[in-house]
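The values are calculated or read from the model by the stated rules, or taken from the named source; none is laboratory data. Keep in mind that what you see is a predicted model, and the values were worked out from it rather than measured. Counting neighbours? That spans all protein chains shown, and the Cβs are built from the backbone with ideal geometry, glycine included. All accessible areas refer to the heavy atoms of the entire protein, side chains included, with ligands and DNA or RNA removed. Shrake-Rupley method; radii C 1.70, N 1.55, O 1.52, S 1.80 Å.
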Amino acid sequence: MTKIRKEFGVIFWIHLILIILSYLSFLYLDWKLILMGVIMLQVYYKMRGGCDLTFAEFGDDRDTTFAWHYLRKIFPSLNQKTTKFYIRTILPLALVIVSFLLQEVAGYGVWIGL
């Protein structure tokens, strides 16, 4: 019997909520906490070879990312490796830079700080 995977199941929604919270973290977390989180996430990716939620949703393919899988439904020719690079490298770096500039230069106060 073939297992039919639900496209937008519970794992999808948990993953989406965690991603949204992380991308908006510059609004409520101190930039130092964000930097620590980004570093810990990168170490986690190296140790595990990827994200456990992605593995639970799509299997053990180390090249598949949550964002790439769903974005390619809109952009069918989206490059998998380029998307992974932006999601895993550029976006976390941009998040740290934006949070630093917003909090240290512009003086934005956060809810959770060090």
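Whole-Hz Karplus values for the stretch 49-59 come out as x, x, 9, 5, 5, 5, 4, 5, 7, 10, x Hz, taken residue by residue from phi with 6.51 cos²θ - 1.76 cosθ + 1.60 and θ = phi - 60°; glycine and proline positions read x.
Residues 23, 86 ordered from highest to lowest accessible area at a 1.4 Å probe: 86, 23. Report note on the peptides 65-78, 87-100: ranked by the mean count of other C-beta atoms within 10 Å, highest first, their order is 87-100, 65-78. Note on residue 112 and residue 17: their simple-model spin labels are 1.4 nm apart, each label 7 Å out from Cα toward Cβ. Relative protection proxy for 101-114, 47-60, 25-38, from highest mean packing down: 25-38, 47-60, 101-114 (other beta-carbon atoms within 10 angstrom).
When a/c is below 1.5 the answer is rounded, else prolate if a/b is larger than b/c, else oblate, so apply that to the chain with a ≥ b ≥ c taken from the square roots of the Cα gyration tensor eigenvalues. Prolate is the answer for the chain, as a/c is 1.5 or above and a/b outweighs b/c.
Residue 46 sits among other residues whose Cβ lies under 12 Å from its own Cβ, and their net charge, with Lys and Arg +1 and Asp and Glu -1, is +3.
The long axis of helix 31-48 is offset from the longest Cα principal axis of the chain by roughly 30 degrees.
Sort 81, 46 by accessible area with a 1.4 Å probe, largest first. Don't skip to the answer; put the middle values down first.
On the way: 81 145, 46 175 Å².
Order by accessible area, largest first: 46, 81.
Cross-link partners of residue 73 among aspartates and glutamates, defined as those whose alpha carbon lies under 19 angstrom from its own and excluding same-chain residues fewer than eight positions apart: 7, 57, 61, 63. Computed over all pairs of different Cα atoms, the Kirkwood value for the hydrodynamic radius of the stretch 61-114 is 13.2 Å.
Semi-axes, largest first, in whole Å: what does sqrt of 5 times each Cα gyration tensor eigenvalue give for the stretch 1-63?
On the way: eigenvalues 148, 52, 6 Å².
In descending order, the three semi-axes are 27, 16, 5 Å.
Fully extended, how many nm does the chain gain between residue 32 and residue 62 (0.36 nm per residue separation, minus their Cα-Cα distance)?
Going from the current span to full extension adds 7.9 nm.
In the chain, the portion of solvent-accessible area held by carbon and sulfur atoms comes to 71 percent [1.4 Å probe, whole percent, DNA, RNA and ligands not counted].
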